[in-house]
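Inspection log for the structure reproduced underneath, given as structure tokens.
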Amino acid sequence: MTDKIEYSRQDDIAVLRIRNPPVNALSQAVRQGLSDAMDRAEAEDGVKAVLIVGEGRAFIAGADITEFGKPPQEPFLPDLCTRIEGSPLLVVASMHGVSLGGGLEVALGAHYRIAQPDARVGLPEVHLGLIPGAGGTQRLPRLTGAEKAIEIITSGRQVKAAEAEELGLVDRVTEGDPEAVGLAYVRELLSTGAPRRPVSELPAPEPIDWDATYDSVLKKGRGQISPATAVRAVQDSAEHPFAEGMKRERAHFMDLMQTDQRKGMIHAFFNERAVGNLPELKGVEPRALQSVGIIGGGTMGAGIATAALLAGLNVILIEMKQEAADAARERIAGNLQGAVKRGKLSESRYEAMMTTGLEVSVNYDSLRDVDLVVEAVFEDMGVKREVFGRLDAVCKPGCVLATNTSYLDVNEIAAATSRPEDVIGLHFFSPAHVMKLLEVVVADKTAPDVVATGFALGKALGKVSVRAGVCDGFIGNRILAVYRTAADHMVLDGASPFQIDKALTDFGFAMGPFAVADLAGLDIGWATRKRKAPHRHPEERVPTYIDRLCEQGHFGQKTGEGYYVYEKGKRGGTPNPKIAELVAEEQAERGITPRDFTDEEIVRRYMCAMVNEAAKVVGEGIARRPLDVDMTLLFGYGFPRFWGGPMKWADIQGLDNVLADIERYAQEDAWFWQPAPLLKKLVAEGRTFDDLNKAAS
Ligand code: T1G
């Protein structure tokens, strides 16, 4: 037996304790150990029941994701679950922490299930581009019915113990040591002569409208295929005997295991964790972080304050005037009330945050004891430097001074203080208490422990923090500017903004670039174009048609008209007929004869522009690794998670194919399509962006 399973006897009960830190993933050794331990329990005299428990903080977190993509090794998990279920002994699972994926499937193979009140169960395989592959799509519907099973599987959500008990997923919820309460439950079952209760022998679920369910899940998946596949697997549980259903589930599972979407989503899973592991921060202690000062209580400042309060930090928010300070307090209250309404925050904790957690002031002296200050004032260098000069005078030695600027030079801001080593960029994304991405922008003189403090704040706020160097737009906005320009060029050459938006939402983006521009406000892009105009390269193609709309005061959703026309109270907009006229005028001025674009070419150009600029960002060291770009685009820019990020997408396409396309496009516009040196280097060496990730981690 492997050392992953500790076998012990409590009278007539065999206890199988899984020991595979950190979360008892079902590695081959664990599967082998469980199988051997079941054999042993059935062979020993006097054993009437088996109790399965997990050591540490989780029952079982699921199959071992590090094994995916490698040849499967026996015992296969579905066989193990069926083997456990088929035991002549009474088998009970005592669940605590999380029981996810294969973890829940092992528990469903048991005859009874007891859980801790704070335990959570779920089948999150769709978040990995898969479906449950060890009987989950066959056993769960037999307990909860097809509709609820499909909701749980396609959402991948974690179900709290109380709800799981209501659904019949667990039989008992009892507080206490999982082994102790498990043993007591087994003894109760034995004393009452409770029968073995194989879930597979329960009646098949009642049929539902499978095709309608499949269609709605497919639509909701926005291009991701595994949730819809799960519907078909559950349908199999209703239409075939259990054994046949298991075969069909396995076939679906193995097909999905081969997909690019599974590669992309596993890439995202591991790199969401790896992105915060920076070699240069190993052993670097962050500074104390109990109280946070925020300068500016507009949407961004109030959002940051909300995130900090929700993380249990004390917040002192500074505004220039009492009226603005009061408005900021209202904004924060509104944000927190949203969390209360969603059941994420209790009324009592809300009251505590708004009374003792938050102080709003018009006096900078209130900041003298805070551990970190982040400013979210107007995006103007003069204003920022003035604020930092005041912070330098007021804040205690060692206080971290952070700017939330989205593109200004953090070195220049740091130079406004006597302590540039304490200055860092913390670029939040609006709404700051919702968006997960945080760019931690490291200036030339930023001290390592200040960088570590930026990451510590990000972790406390539940962010995905990415280290960025200083340049215009850091990582995300710099790359966005380029792929957005590629879209603008396609409009000038004949594609409509509406076709481009649709092609990209079909590719998996939540919104296309023009709908995003309407949401953010066309005035922002307009101001950026005016700011950059004096420095433009003569070869740059910058469309002006949309400026005409801005000059008329149309800035998108906030004014009711932009690329789209928005009706009050209606979601989404309809294409603005003015756009075609404005584009045609500019094409005539530029002597362009518009041509047709296929959706495929639109996506390809858009993605090649994104990857090319991303390769420059990595090559220049603005992003440490390609995975840092992937996580930036996933968590800040709505990039479809099932591709894993633009760099993973490029690896899957083949970097040689991407470079060939860029070189072909460069024949039309050599200035815009200058191939990134890093991309050319990797292609020449036959390496991938993932090879770089491995070398850098
Ligand atoms: N396999 C391998 N490693 C895993 C793992 C897993 N299933 N889950 C977590 N880890 C590692 C993780 O990479 C990290 O490593 C460490 O554990 C702590 O994780 C057949 C096929 C369990 C809720 O999708 O959701 O079963 O970075 O930092 O925030 O149907 O991890 O320390 O080196 O996330 O407390 C289904 C995935 C698999 C669950 C804990 N299960 N994991 O969160 O810690 S597919 C999942 C999680 C499956 C079957 C199918 C979370 C967590 P390192 P962490 P956490």
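The values are calculated or read from the model by the stated rules, or taken from the named source; none is laboratory data. What you see is a predicted model; the values in this text were computed from it and never measured. Cβ: placed from backbone, ideal geometry, glycine included. Neighbour counts: every protein chain shown. SASA here: full protein model, heavy atoms, side chains in, ligands and nucleic acids out. Shrake-Rupley method; radii C 1.70, N 1.55, O 1.52, S 1.80 Å.
Look through the stretch 127-147, keep the residues that are in a loop (DSSP other than H, G, I, E, B) and within 11 Å of the ligand (Cβ to nearest atom), and return whichever of them is farthest from PHE68 (Cα to Cα).
GLY135
Say whether the condition of being hydrophobic (A, V, I, L, M, F, W, C), within 36 Å of the chain's Cα centre (by Cα) and not in a helix (DSSP H, G or I) is met by at least one residue in the stretch 605-616.
no
Please enumerate the residues belonging to the stretch 600-634 that are small (Gly, Ala, Ser) and under 26 Å from LYS463 (Cα atoms).
ALA614, ALA615, GLY619, GLY621, ALA623
Mind checking whether some residue in the stretch 179-198 is in a helix (DSSP H, G or I) and within 16 Å of the ligand (Cβ to nearest atom)?
Among the residues of the stretch 179-198, not one is in a helix (DSSP H, G or I) and within 16 Å of the ligand (Cβ to nearest atom), which makes the answer no.
Based on this model, can you work out whether ALA676 counts as open to solvent by less than 10 Å² (accessible area, probe 1.4 Å) and either under 24 Å from the mean Cα position of the chain (by Cα) or not aliphatic (A, V, I, L, M) (or both)? Don't jump to the end; show me each part of the working.
Working: open to solvent by less than 10 Å² (accessible area, probe 1.4 Å): yes; either under 24 Å from the mean Cα position of the chain (by Cα) or not aliphatic (A, V, I, L, M) (or both): no.
In short, no.
Tally time: how many residues in the stretch 7-66 are polar (S, T, N, Q), part of a helix (DSSP H, G or I) and within 11 Å of the ligand (Cβ to nearest atom)?
1
Any residue at all in the stretch 484-501 that's on the phi < 0 side of the Ramachandran plot and surrounded by fewer than 17 Cβ atoms within 10 Å (Cβ to Cβ)?
No, the stretch 484-501 contains no residue that is on the phi < 0 side of the Ramachandran plot and surrounded by fewer than 17 Cβ atoms within 10 Å (Cβ to Cβ).
Just give me the residues in the stretch 263-282 being more than 15 Å from the chain's Cα centre (by Cα) and either among the basic types (Lys, Arg) or within 11 Å of the ligand (Cβ to nearest atom) (or both), in sequence order.
Across the stretch 263-282, the qualifying residues are LYS263, ASN277, LYS282.
Can you find even one residue in the stretch 232-253 that is under 30 Å from ALA503 (Cβ atoms) and either in contact (Cβ under 8 Å) with a residue 40 or more places away in the chain or surrounded by 15 or more Cβ atoms within 10 Å (Cβ to Cβ) (or both)?
Yes.
In the stretch 592-605, is there at least one residue being crowded, with 22+ Cβ neighbours inside 10 Å, closer than 22 Å to PHE498 by Cα and at pLDDT 95 or above? Don't jump to the end; show me each part of the working.
If we filter the stretch 592-605 for residues that are crowded, with 22+ Cβ neighbours inside 10 Å, which is where we start, we get 602, 605.
Okay, now just the ones that are also closer than 22 Å to PHE498 by Cα, so 602, 605.
Applying the additional criterion that residues be at pLDDT 95 or above yields 602, 605.
Among the residues of the stretch 592-605, at least one is crowded, with 22+ Cβ neighbours inside 10 Å, closer than 22 Å to PHE498 by Cα and at pLDDT 95 or above, which makes the answer yes.
Against the condition open to solvent by 60 Å² or more (accessible area, probe 1.4 Å) and in contact (Cβ under 8 Å) with a residue 12 or more places away in the chain, how does GLN557 come out, does it pass?
Numbers: open to solvent by 60 Å² or more (accessible area, probe 1.4 Å): yes; in contact (Cβ under 8 Å) with a residue 12 or more places away in the chain: yes.
Yes; evaluated as a whole, the condition is true for this residue.
From the list VAL387, VAL464, VAL394, VAL451, pick out the single residue that is surrounded by fewer than 24 Cβ atoms within 10 Å (Cβ to Cβ), among the hydrophobic types (A, V, I, L, M, F, W, C), farther than 27 Å from GLY476 by Cα and at pLDDT 95 or above.
Going through VAL387, VAL464, VAL394, VAL451 in turn, the sole match is VAL394.
Can you report the number of residues in the stretch 617-627 which are aliphatic (A, V, I, L, M), in a helix (DSSP H, G or I) and open to solvent by 10 Å² or more (accessible area, probe 1.4 Å)? Explain how you work it out, then say what you get.
Pass one, the stretch 617-627, residues aliphatic (A, V, I, L, M): 617-618, 622-623, 627.
Among the residues that remain, those that are also in a helix (DSSP H, G or I) are: 617-618, 627.
In the following step, the residues that additionally are open to solvent by 10 Å² or more (accessible area, probe 1.4 Å) were identified as 618.
Residues that pass the stated criteria total 1.
Could you list all residues from the stretch 84-125 that are in a loop (DSSP other than H, G, I, E, B), within 11 Å of the ligand (Cβ to nearest atom) and either open to solvent by 10 Å² or more (accessible area, probe 1.4 Å) or without any contact (Cβ under 8 Å) to a residue 24 or more places away in the chain (or both)?
Passing the criteria: only GLY97.
Would the stretch 495-504 turn up any residue that is at pLDDT 95 or above and of a type in the set (Lys, Arg)?
yes
When you go through ASP691, ASP656, ASP630, ASP651 one by one, which is the residue that is open to solvent by less than 50 Å² (accessible area, probe 1.4 Å) and more than 24 Å from ALA517 (Cα to Cα)?
Values: ASP691 fails: open to solvent by less than 50 Å² (accessible area, probe 1.4 Å); ASP656 fails: open to solvent by less than 50 Å² (accessible area, probe 1.4 Å); ASP630 fails: more than 24 Å from ALA517 (Cα to Cα).
None of the others qualify; the one that does is ASP651.
What tally of residues in the stretch 344-376 results from selecting those that are assigned to a helix (DSSP H, G or I) and among the hydrophobic types (A, V, I, L, M, F, W, C)?
Selection size over the stretch 344-376: 4.
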